[in-house]
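Input: a single structure, listed below in structure tokens.
The values are calculated or read from the model by the stated rules, or taken from the named source; none is laboratory data. What you see is a predicted model; the values in this text were computed from it and never measured. With ideal geometry, Cβ positions are generated from the backbone for all residues, glycine too; neighbour counts draw on all protein chains shown. Please note that ligands, DNA and RNA were not included when accessible areas were found on the heavy atoms of the full protein model with its side chains. Shrake-Rupley method; radii C 1.70, N 1.55, O 1.52, S 1.80 Å.
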Amino acid sequence: MKLKTLTSVLLITLAAAQFCPAQTQAAVSLAKPVKQTETVNAVSNGEISAIRYSKAADKVRVVFDLNDTTQYEVKPLDNGYIMVDFSEPISKSYASGINIGDSSVPFVEIYSDGKMSCAVIQVTDGSAYESGELKGPRRLYVDISKDYEYSITKNLEPGLTQISYYSRKNGERQTAQLVEVDPKYFKFVPVLGGGDKMAKNTVKAMSDYVDAAVAENASYFGDGKELYGVTKIAGDMISSMYLTRTAFGVLADGSPYIGPVSYHGVVHSDRGDLFVSGLNGTRGADSVMLYNHYYGASTGTNNSGTEYVVKDDKIIAINKGNSPLRKDETVVSVTGEGQRILNGLKVGDTLQIEQSLNEPWNSATDILGVGPLLVKDGQVDITSAQEQIGVDVTGAKAPRTAVGILKNGNVMFAVLDGRQSHSKGMMLDEFARFLIGMEVVDAVNFDGGGSSELVIGGKIVNSPSDGRQRPVATALTAVRR
């Protein structure tokens, strides 16, 4: 009987016994070329008399004692296990198999028909392996690495490529899902939790709003509906930030861009100018807050301030609080010193609102300001200190979300799982190096932790660490042109 014939018989037996369940073939690509003898017709009368194993921090080694005439073949199976065919039977003392008891290589299954035999080495993580011979006496070894790193690439449609990343290094697993998006086929659209209103919702819901091909969570947010960062959608300003932080956006020419964004706002009146405290945020005790229809139906403020409803630079109404919000109107809500300065203005008076961003953002159509910067010009460049990003983001390994730009101009959506057995999560510098390994040249960090979520074609493809979808404030989406 030839070795290839025994292999066929054993594979049928294994399938019938359900020892080799159908699993992804991705791990097969990890296997290094193995040394093996040619398949021969002759069968020896000896047997494989001894099988040993050893466990180390980086690998598991399985060793088979061979006779001078033993022929063998080592090959991967579809489920990531490793099969070793022998031209001789294996000693009956191993008939029950070998319990290695390692999390990576738990067991070796033994099969024999009295003339030939097969050992199936169970491998739980699809790790790379190599095999070879030792001399004096002759032995076959199979080394299964405990560390691995590989990616599975799938072309979903023109301009859209999914990359699934898996690794284990020093016992620490990481899993990430990424999508490379070509701007020739897709436009990049920020989406609010309420669609056209500030609110919280799941990334999947926001993806469904615009029938997105890809969507991931984006902005930081508070307990209410506020966004922490500069946000601009289809040319309209949605939110501001008093700090300069890194943003992803689309410039006037349609090109994606990553860089620092800062907001400046002034209200001009004949009674004096007021610096804007914020846009669509919580009005404080001494502040100048602007509101527009993206905030909701009304400002939701109390009667401790004064609110000027402005359209086309003219005051059209004055209220004490909770002013209605309508399209093409802006409410200037003032308390404290601002309230004193504007006191006496009446309906019909001029009140001019000026909002500007640093270049090149002024002419940008869409902006998501989050931060910090992770990668610039292909190098790690983390600006968490300059951007005053807190330890809740920087202080531990965590799930991560980012968007990056590749050298070819394509955009990379990236979500790394964390705080789970299959994926530990990363520090920001680890995440930056990981993105560079994915050929990203510029990248900005988005909100992470339990918010990290990636949706492709309306389906969640990562594993959110909360065990469920967390409602978030915004998502970045890729929508077909």
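For the range 133-163, the set of residues classified as without any contact (Cβ under 8 Å) to a residue 40 or more places away in the chain and either of a type in the set (S, T, N, Q) or part of a strand (DSSP E or B) (or both) consists of 149, 151, 153, 154, 155, 161, listed by residue number.
Anything in the range 390-410 that is buried (at least 24 other Cβ atoms within 10 Å of the Cβ) and of a type outside the set (Lys, Arg)? List them, or say none. Steps first, answer last, please.
If we filter the range 390-410 for residues that are buried (at least 24 other Cβ atoms within 10 Å of the Cβ), which is where we start, we get 399-404.
If the condition is that a residue be buried (at least 24 other Cβ atoms within 10 Å of the Cβ) and of a type outside the set (Lys, Arg), then 399, 401, 402, 403, 404 are the ones that fit.
Condition first: of a type in the set (Gly, Ala, Ser), out of contact with any strand residue (DSSP E or B) (no Cβ under 6 Å at 6 or more places or on another chain) and farther than 18 Å from residue 57 by Cα. Now tell me which residues in the range 96-131 satisfy that. 96, 114 - these are the residues of the range 96-131 that are of a type in the set (Gly, Ala, Ser), out of contact with any strand residue (DSSP E or B) (no Cβ under 6 Å at 6 or more places or on another chain) and farther than 18 Å from residue 57 by Cα. Confirm whether residue 386 is assigned to a strand (DSSP E or B) and either of a type outside the set (Ser, Thr, Tyr) or without any contact (Cβ under 8 Å) to a residue 24 or more places away in the chain (or both). When the stated conditions are applied, residue 386 does not pass them. Beta carbons closer than 6 Å, at least 6 apart along the sequence or on distinct chains, pair a first residue in the range 307-325 that is within 20 Å of residue 283 (Cβ to Cβ) and at pLDDT 95 or above with a second that is hydrophobic (A, V, I, L, M, F, W, C) and not in a strand (DSSP E or B) for 308/351; 310/351; 315/347; 315/351. Can you confirm whether residue 235 is among the small types (Gly, Ala, Ser), over 15 Å from residue 476 (Cα atoms) and surrounded by fewer than 18 Cβ atoms within 10 Å (Cβ to Cβ)? When the stated conditions are applied, residue 235 passes them.
Can we say residue 367 is within 30 Å of residue 403 (Cα to Cα) and among the β-branched types (Val, Ile, Thr)? Yes; evaluated as a whole, the condition is true for this residue. Where strands (runs of 3 or more DSSP E) fall wholly inside the range 275-360, the ranges with 1 or more residues that are among the basic types (Lys, Arg), open to solvent by 10 Å² or more (accessible area, probe 1.4 Å) and within 22 Å of residue 239 (Cβ to Cβ) are 306-311. Among the residues of the range 248-293, those identified as aliphatic (A, V, I, L, M) and over 26 Å from the mean Cα position of the chain (by Cα) are 252, 266, 267, 274, 276, 279, 285, 288, 289, 290.
Restricting 120, 74, 84, 34 to those that are open to solvent by less than 50 Å² (accessible area, probe 1.4 Å), of a type in the set (A, V, I, L, M), under 26 Å from residue 169 (Cβ atoms) and modelled with pLDDT of 95 or more reduces the list to 74. One residue alone among 415, 441, 375, 479 is in a strand (DSSP E or B) and open to solvent by 30 Å² or more (accessible area, probe 1.4 Å), and that residue is 441.
Just wondering, is there one or more residues in the range 201-223 that are open to solvent by 10 Å² or more (accessible area, probe 1.4 Å), part of a strand (DSSP E or B) and of a type in the set (A, V, I, L, M)? No, there is no match, as no residue in the range 201-223 is open to solvent by 10 Å² or more (accessible area, probe 1.4 Å), part of a strand (DSSP E or B) and of a type in the set (A, V, I, L, M). Looking at the range 148-163, can you tell me whether even one residue there is of a type in the set (Val, Ile, Thr), open to solvent by 20 Å² or more (accessible area, probe 1.4 Å) and more than 13 Å from residue 414 (Cα to Cα)? Looking through the range 148-163, at least one residue is of a type in the set (Val, Ile, Thr), open to solvent by 20 Å² or more (accessible area, probe 1.4 Å) and more than 13 Å from residue 414 (Cα to Cα). Name the residues in the range 444-476 that are open to solvent by 20 Å² or more (accessible area, probe 1.4 Å) and among the small types (Gly, Ala, Ser), would you? Answer for the range 444-476, where residues must be open to solvent by 20 Å² or more (accessible area, probe 1.4 Å) and among the small types (Gly, Ala, Ser): 457, 463, 465, 467. Looking at 109, 130, which is the one that is open to solvent by 20 Å² or more (accessible area, probe 1.4 Å), closer than 30 Å to residue 423 by Cβ and part of a strand (DSSP E or B)? That would be 130, the only listed residue that is open to solvent by 20 Å² or more (accessible area, probe 1.4 Å), closer than 30 Å to residue 423 by Cβ and part of a strand (DSSP E or B).
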